[in-house]
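Here is the structure we will look at.
The values are calculated or read from the model by the stated rules, or taken from the named source; none is laboratory data. Please read all numbers here as calculations on a predicted model, not as lab measurements. Don't worry about glycine lacking a Cβ; one is built from the backbone with ideal geometry, like all the others, and counts go over all protein chains shown. Please note that ligands, DNA and RNA were not included when accessible areas were found on the heavy atoms of the full protein model with its side chains. Shrake-Rupley method; radii C 1.70, N 1.55, O 1.52, S 1.80 Å.
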Amino acid sequence: MKKTDIGVIAFMYVVCIWFGVMNLRLPADAQIYPRFIIIVLASLTTLYLIKNIISAKKEGVTSGFSEIFKGFLPRQFFTVLGFALGYLLLLYLIGFYPATVIFMVLVLWRLKIKPLTVGITTLAIITLVFVTFNLVLKVNLIRGLVFDVLL
C-alpha cells in the first residue's frame, strides 16, 4: 500500500458524498440512476480500501510520492486542463451537447486518437447520454445561455 492511495480513497469518498448530496436536489424520479452510479463508485472505493488494507498488512506502507509524477507530460496535462476549463465555459454558453462534442473532439484529437475512433467515441457517448437522461430519466441537460436567450 502507498500513502498516496489513502488520498485517492479519501477523495473518492468525498466525491461520493458530494454527488450524493447534489443528487438529493433532483426530482425523485431522476435520482435513481445517479444513486446507482454513486453506490457503484462507493462500493468500488471500499473494495480498493480493503485491498489496500490487506496489502498494508502483508507488505507494509510505502511513500509512493516518487512515482506520482513519473512519466508526467506537463504540456499534455495543461492542454487538457485548458480544454476542461474551456468546456465549463462552453457548458454555460452553448449547453451540454454541443460543448461535449467540441470538448471530446478536441481532447481526443490532442491525445492523437485516430479520427475514426474520435467520431465513433463521441457519437457513442452523446447517444448514450441522450438515451439515458433525455429518454429514460426524462432529465433535460444544460441548454446554455445562448439557447436560453434565443428561445
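Brief remarks on what is shown
- With respect to the stated conditions, residue 20 fails to be open to solvent by less than 60 Å² (accessible area, probe 1.4 Å) and on the phi > 0 side of the Ramachandran plot.
Residue-by-condition table, conditions (1) out of contact with any helix residue (DSSP H, G or I) (no Cβ under 8 Å at 6 or more places or on another chain); (2) at pLDDT 85 or above; (3) of a type outside the set (Gly, Ala, Ser):
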{"residue": "45", "(1), (2), (3)": "no, yes, yes"}
{"residue": "50", "(1), (2), (3)": "yes, yes, yes"}
{"residue": "59", "(1), (2), (3)": "yes, no, yes"}
{"residue": "86", "(1), (2), (3)": "no, yes, no"}
{"residue": "104", "(1), (2), (3)": "no, yes, yes"}
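- Subset of segment 17-30 [part of a helix (DSSP H, G or I) and modelled with pLDDT under 90]: 28, 29, 30
- Highlighted here are the helices (runs of 4 or more DSSP H) found entirely within segment 71-151 that include at least 2 residues which are of a type outside the set (Gly, Ala, Ser) and open to solvent by less than 60 Å² (accessible area, probe 1.4 Å): 74-94, 96-110, 115-129.
- Test: residue in segment 40-60 that is out of contact with any Asp or Glu (no Cβ under 9 Å at 6 or more places or on another chain), in a loop (DSSP other than H, G, I, E, B) and more than 30 Å from residue 140 (Cα to Cα): yes
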